[in-house]
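Asker: Here it is, the structure, as structure tokens.
The values are calculated or read from the model by the stated rules, or taken from the named source; none is laboratory data. Keep in mind that this is a model prediction, so the values were computed, not measured. So basically every Cβ, Gly included, is an ideal-geometry build from the backbone, and we count neighbours across all protein chains shown.
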Amino acid sequence: MKFPVVLSCAALSLAGAILATGPARADTSTGVASYYWQGRSTASGERFNPGGMTAAHRTLPFGTKVRVTNLRNGRTVVVRINDRGPFIRGRIIDVSRGAASELGFIGNGVTKVQLAVID
């Protein structure tokens, strides 16, 4: 009779491990951001607006709002995820040109940022 109890405990432990490491997202992260400006359709199907406050992220669901803080100058914007990317190693988000302008890194092309998912 001990076997079903052990199996149940093992199953619960495995379920907890899957939930902890599965598709759940981190609420904050730090890394390099870049921007893009070329007009095209986005992965979500909407037309890209270079002046909008939108961004591309590899895993966050479309529609997720993210506070992006430029760690070099303290400027912050809120963007909505509507595309996939960036596809360059070491970068964690691609923001629209409008968001990059507000963040103050158009001249550099890239900057170090902190992301925070807004509920």
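Asker: Can you tell me which residues in segment 81-97 are assigned to a strand (DSSP E or B) and not charged (D, E, K, R)? Don't jump to the end; show me each part of the working.
Answerer: As a first pass, look at segment 81-97 and keep what is assigned to a strand (DSSP E or B): 81-83, 91-96.
Result: Ile81, Asn82, Ile92, Ile93, Val95, Ser96.
Asker: Residues to consider are Val78, Val117; find the one that is within 13 Å of the chain's Cα centre (by Cα), of a type in the set (A, V, I, L, M, F, W, C), exposed (fewer than 15 other Cβ atoms within 10 Å of the Cβ) and not in a loop (DSSP other than H, G, I, E, B). Outline the logic, then answer.
Answerer: Values: Val117 fails: exposed (fewer than 15 other Cβ atoms within 10 Å of the Cβ).
When all the criteria are applied, what remains is Val78.
Asker: Please enumerate the residues belonging to segment 61-119 that are touching a Leu at 6+ places or on another chain (Cβ under 8 Å), among the β-branched types (Val, Ile, Thr), over 21 Å from Ser41 (Cα atoms) and touching a residue at least 60 places away in the same chain (Cβ under 8 Å).
Answerer: Within segment 61-119, Thr111, Val113, Val117 meet the criteria.
Asker: Would you confirm, using the coordinates I've provided, whether Asn108 is at pLDDT below 95 and either within 14 Å of the chain's Cα centre (by Cα) or of a type outside the set (A, V, I, L, M) (or both)?
Answerer: On the way: at pLDDT below 95: yes; either within 14 Å of the chain's Cα centre (by Cα) or of a type outside the set (A, V, I, L, M) (or both): yes.
Taking the combined requirement at face value, the residue satisfies it.
Asker: Continuing with the same structure: Name every residue in segment 37-72 that is part of a strand (DSSP E or B), surrounded by 16 or more Cβ atoms within 10 Å (Cβ to Cβ) and in contact with a Phe, Trp or Tyr (Cβ under 8 Å, 6 or more places away or on another chain), in order of residue number. Quick ask: steps written out before the conclusion?
Answerer: Taking segment 37-72 as the starting set, the residues that turn out to be part of a strand (DSSP E or B) are 41, 47, 54-56, 65-70.
Right, trim to surrounded by 16 or more Cβ atoms within 10 Å (Cβ to Cβ) and you get 54-56, 66, 68-70.
Correct list: Thr54, Ala56, Asn70.
Asker: Moving to a separate point now. Given the conditions (1) surrounded by fewer than 15 Cβ atoms within 10 Å (Cβ to Cβ); (2) of a type outside the set (Phe, Trp, Tyr); (3) not in a strand (DSSP E or B), which single one is not true for Glu102?
Answerer: Here Glu102 meets the rest and fails (1).
Asker: To continue, here is another question. Quick one: in segment 26-43, which of the residues that are polar (S, T, N, Q) and within 12 Å of Ile92 (Cα to Cα) is modelled with the lowest pLDDT?
Answerer: Step one: of segment 26-43, the residues polar (S, T, N, Q) are 28-30, 34, 38, 41-42.
Within this subset, residues satisfying the condition of being within 12 Å of Ile92 (Cα to Cα) are 28-30, 34.
Values: Thr28: 85, Ser29: 94, Thr30: 96, Ser34: 96.
Applying the filter and picking the extreme gives Thr28.
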